[in-house]
Amino acid sequence: MAVWDDVICFGLRGPLVNGLAVLAYVGRNGPLRLPAGMPTLVLLDLGGLGIRDLCRCGGSLLILAGPTMDADKPFKIYRRSFGAGGVSSLQLLHDFEDGVEHPEGLALFPGPESAGLLVFYDKPSKKRVTGNSVWADWLELPSGR
C-alpha cells in the first residue's frame, strides 16, 4: 500500500487479469467514503508477476513484483512514473538473482548522497540470519529518485 495526499494505492498479488497485475487507487475522503469515479483499477504488464509491495518515491511508485503463488522466482522492482497528462511509464530498476529468498517488503530511506531501498525477505537465506537478527538488502536508487 502507498499513500498520496488524498489517494491510497493497493497492489494485488493475485489474481492477475489476463496476465496483468492490478493496482487499485481509492480516494481517502473521510471514513469509507470515496469520491465519484473511485476506485480506479490499473492493469500493469509485469511479465506475469503480481504485486508484492508498493512504496511511494517522490512522485513515482516503486513496485516489488513477484510470483502470485509460493514460487522461488522471479522477483523484480519497477518504477511507475507519471508524466504530463497522467501518462505513466514503467521502468525495471532491479532484477533479483534466482534463488530461494522471497523479497516481500520495501522501505525507502534517504542516503547521504542518494535515496535507497531496504528490501526485506520472508524466506531469508541462512547467511542473512545472525543470532536474533536478519539482514536486509540495501539497493541504491538511480538518480532522479
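The values are calculated or read from the model by the stated rules, or taken from the named source; none is laboratory data. Every value quoted in this text rests on a predicted model; they were computed, and no experiment measured them. Note that we place each Cβ from the backbone using ideal geometry, even for glycine, and neighbour counts take in every protein chain shown.
For the range 68-80, how many residues meet the condition of being over 24 Å from Trp4 (Cα atoms) and either of a type in the set (Lys, Arg) or modelled with pLDDT of 90 or more (or both)?
Number of matching residues: 2.
Of Gly48, Gly14, Gly27, which residue is at pLDDT below 85 and more than 11 Å from the chain's Cα centre (by Cα)?
The unique qualifying residue is Gly27.
Filter the range 108-136 down to the residues that are at pLDDT 85 or above and touching an Asp or Glu at 6+ places or on another chain (Cβ under 9 Å) and list them by number.
Residues satisfying the conditions are Gly116, Leu117, Leu118, Val119, Phe120, Tyr121, Arg128.
Against the condition modelled with pLDDT under 90 and surrounded by fewer than 16 Cβ atoms within 10 Å (Cβ to Cβ), how does Pro142 come out, does it pass?
For Pro142, the condition - modelled with pLDDT under 90 and surrounded by fewer than 16 Cβ atoms within 10 Å (Cβ to Cβ) - is met.
Spot the failing condition for Glu113; the list is (1) free of Cβ contacts under 8 Å to residues at least 12 places away in the same chain; (2) surrounded by 12 or more Cβ atoms within 10 Å (Cβ to Cβ); (3) not polar (S, T, N, Q), and only one is missed.
So the condition that Glu113 fails would be (2).
Could you list, in sequence order, the residues of the range 43-60 that are more than 14 Å from Asn18 (Cβ to Cβ) and assigned to a strand (DSSP E or B)?
Once the filter is applied, which keeps residues that are more than 14 Å from Asn18 (Cβ to Cβ) and assigned to a strand (DSSP E or B), the range 43-60 yields Ile51, Arg52, Asp53, Leu54, Cys55, Arg56, Cys57, Ser60.
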